[in-house]
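Asker: Got a structure for you, written out below as structure tokens; questions coming shortly.
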Amino acid sequence: MNKRRKQTVYKRCLIFGAAVFLSVLIAFGLVLVRSSSVKKDRGQSAEMTAITLAASEAQTVSRSEPETEIREPAASFVVYPEKTSKSVKFSEDYDAQSAILMCCDSNEVVAYRDENKRVYPASLVKVMTLIVAVENNDDISRTVTVTDDMVFPMIEQEASRAGFEPGESFALEDALYGMILESGADAALAAAVSTAGSEKAFVELMNGKAEELGLKNTHFTNVVGLHHEENYTTAADMAVILEYAIRNDTCRRFLEKYEYNTAPTPQHPEGLRFTSTLFSRMYGDEMPGVKILGGKTGYTDEAGNCIETYAEINGKTYILVLCGGKTNWSNIYDTLSAYSVYCAGGKRYEPPEA
């Protein structure tokens, strides 16, 4: 019995050991299969992730490219006009030390004379003052105030004024109209100081804008246009500034206005009435086919008579800048004549007999 029992026990051990071994073998196989499946799944997942990321990156690039094209510098669409074989020099009949007539649509010079010569801009400076004020104020209806040092020094220097009184408060919009239409130094200073805190800080913004526009020979020292050796520009640079201004609807509104009435104030119960120094001397439609839309005039003893305008002729926009004229009215007559002769194929303007 002992011998048989031993044999039986031995057989049972063998069977149990075989079962255990088989179980281990099966378990190990299952582990290998699962591991392989997991690796395969991970590989597929990684591959899908890579594909998804690649697609996402492609979509990101696709979305970002138009934004890059849109976010160009402000000066990207305002460049110096180019001379062509059709460009001509102004005849000697035109009273200007330097001048340029350009077509904005083709960006070509139509006529020129020493357009890159450094000149003093006088009140043409106020077009840049307008640009900077408009671009740095979200609300031009906000209130500004004129102070003593914006009025009395301008009186002493015989600068043109809009007529605001020290202590008078009014809308920034009123100041900008007074600056452009009446060429008011008081209005220009009120706009500048209220925008930047001081005239000096505002001038820094003006010079920064000149640099942004890529102007080659322009530097400002004041917002008014009073003479200073370092307050200079060129006819070509002023044409670029004016072109930039008329691409802004708000700036155009000021430059094209003939007359404007301010809101009443305690100092002026009936308000102030401003009349354009440009359109008080011309209608703008004296010459057939020519419609002068707006612009700015200026004068100092050192700068002479200056004028810049823009006009619509045969569906195209033209800009004319004349600097250093000897007389006020010759600038007006030459402006009418230049658009007529060089752009509309017409004749020179003949002023009416007195």
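Asker: Aliphatic (A, V, I, L, M), in the same structural domain as Leu176 (by TED's automatic domain parsing), within 20 Å of Arg348 (Cβ to Cβ) and within 27 Å of the chain's Cα centre (by Cα) - does that describe any residue in region 293-305?
Answerer: For region 293-305, residues aliphatic (A, V, I, L, M), in the same structural domain as Leu176 (by TED's automatic domain parsing), within 20 Å of Arg348 (Cβ to Cβ) and within 27 Å of the chain's Cα centre (by Cα): absent.
Asker: Among the residues of region 137-164, write down those that are exposed (fewer than 14 other Cβ atoms within 10 Å of the Cβ) and either under 18 Å from Phe220 (Cα atoms) or among the acidic types (Asp, Glu) (or both). Show your work before the answer.
Answerer: First, the residues of region 137-164 that are exposed (fewer than 14 other Cβ atoms within 10 Å of the Cβ): 138-139, 141-143, 148-149, 152, 155-158.
Matches in region 137-164: Asp138, Asp139, Asp148, Asp149, Glu156, Glu158.
Asker: Now, a different point. Taking Ala235 and the conditions (1) touching a residue at least 12 places away in the same chain (Cβ under 8 Å); (2) in contact with an Asp or Glu (Cβ under 8 Å, 6 or more places away or on another chain); (3) surrounded by fewer than 17 Cβ atoms within 10 Å (Cβ to Cβ), which numbered condition does it fall short on, given that it satisfies the others?
Answerer: In the conditions (1) touching a residue at least 12 places away in the same chain (Cβ under 8 Å); (2) in contact with an Asp or Glu (Cβ under 8 Å, 6 or more places away or on another chain); (3) surrounded by fewer than 17 Cβ atoms within 10 Å (Cβ to Cβ), Ala235 misses (3) alone.
Asker: Test each condition in (1) assigned to a helix (DSSP H, G or I); (2) at pLDDT 50 or above; (3) of a type in the set (Ser, Thr, Tyr) for Thr60 and report the one that comes out false.
Answerer: Every listed condition holds for Thr60 apart from (2).
Asker: While we're on this one: I'd like the full set of residues that are among the β-branched types (Val, Ile, Thr) and either outside the structural domain of Ala185 (by TED's automatic domain parsing) or within 17 Å of the chain's Cα centre (by Cα) (or both), limited to region 90-139.
Answerer: Passing the criteria: Val125, Val127, Thr129, Ile131, Val132, Val134.
Asker: Now for a separate question. Which condition does Asn314 not pass, out of (1) at positive phi; (2) of a type in the set (S, T, N, Q); (3) touching a residue at least 60 places away in the same chain (Cβ under 8 Å), if it passes all the others?
Answerer: Only one criterion in (1) at positive phi; (2) of a type in the set (S, T, N, Q); (3) touching a residue at least 60 places away in the same chain (Cβ under 8 Å) is unmet by Asn314, namely (3).
Asker: Right, something else. Got a sec? Which of Glu270, Glu259 is touching a residue at least 12 places away in the same chain (Cβ under 8 Å) and either polar (S, T, N, Q) or surrounded by fewer than 20 Cβ atoms within 10 Å (Cβ to Cβ) (or both)?
Answerer: None of the other options fit; the residue is Glu259.
Asker: Out of the residues in region 83-123 that are surrounded by fewer than 17 Cβ atoms within 10 Å (Cβ to Cβ) and β-branched (Val, Ile, Thr), state the one that is farthest from Leu322 (Cα to Cα).
Answerer: The residue in question is Thr84.
Asker: Limited to region 306-325, what total is found for residues that are closer than 19 Å to Asn116 by Cα and either over 26 Å from the mean Cα position of the chain (by Cα) or among the hydrophobic types (A, V, I, L, M, F, W, C) (or both)?
Answerer: Summing the residues that are closer than 19 Å to Asn116 by Cα and either over 26 Å from the mean Cα position of the chain (by Cα) or among the hydrophobic types (A, V, I, L, M, F, W, C) (or both) in region 306-325 gives 9.
Asker: What do you reckon, is Gly225 farther than 20 Å from Glu204 by Cβ and either assigned by TED's automatic domain parsing to the domain that holds Thr195 or not in a helix (DSSP H, G or I) (or both)? Steps first, answer last, please.
Answerer: Details: farther than 20 Å from Glu204 by Cβ: no; either assigned by TED's automatic domain parsing to the domain that holds Thr195 or not in a helix (DSSP H, G or I) (or both): yes.
No: the conditions fail for Gly225.
Asker: Out of all the residues in region 161-184, is one or more among the small types (Gly, Ala, Ser), in a helix (DSSP H, G or I) and without any contact (Cβ under 8 Å) to a residue 60 or more places away in the chain?
Answerer: Yes - at least one qualifying residue is present in region 161-184.
Asker: Among the residues in region 228-245, are any under 15 Å from Gly163 (Cβ atoms) and assigned by TED's automatic domain parsing to the domain that holds Val119?
Answerer: No: region 228-245 contains no residue that is under 15 Å from Gly163 (Cβ atoms) and assigned by TED's automatic domain parsing to the domain that holds Val119.
Asker: Can you tell me which residues in region 313-335 are surrounded by 15 or more Cβ atoms within 10 Å (Cβ to Cβ) and under 18 Å from Ile246 (Cβ atoms)?
Answerer: The answer is Ile313, Thr317, Tyr318, Ile319, Leu320, Val321, Leu322, Thr335.
Asker: Might you check whether a residue that is modelled with pLDDT of 95 or more and loosely packed, with under 14 Cβ neighbours inside 10 Å occurs anywhere in region 72-82?
Answerer: Yes, region 72-82 has at least one match.
Asker: Among the residues of region 185-206, which ones are free of Cβ contacts under 8 Å to residues at least 60 places away in the same chain and in a helix (DSSP H, G or I)?
Answerer: Across region 185-206, the qualifying residues are Ala185, Asp186, Ala187, Leu189, Ala190, Val193, Ser194, Glu199, Lys200, Ala201, Val203, Glu204.
The values are calculated or read from the model by the stated rules, or taken from the named source; none is laboratory data. Remember, predicted model here, so these are calculated numbers, not experimental data. When we count neighbours, we look across all protein chains shown, and the Cβ atoms used for this are built from the backbone with ideal geometry, even at glycine.
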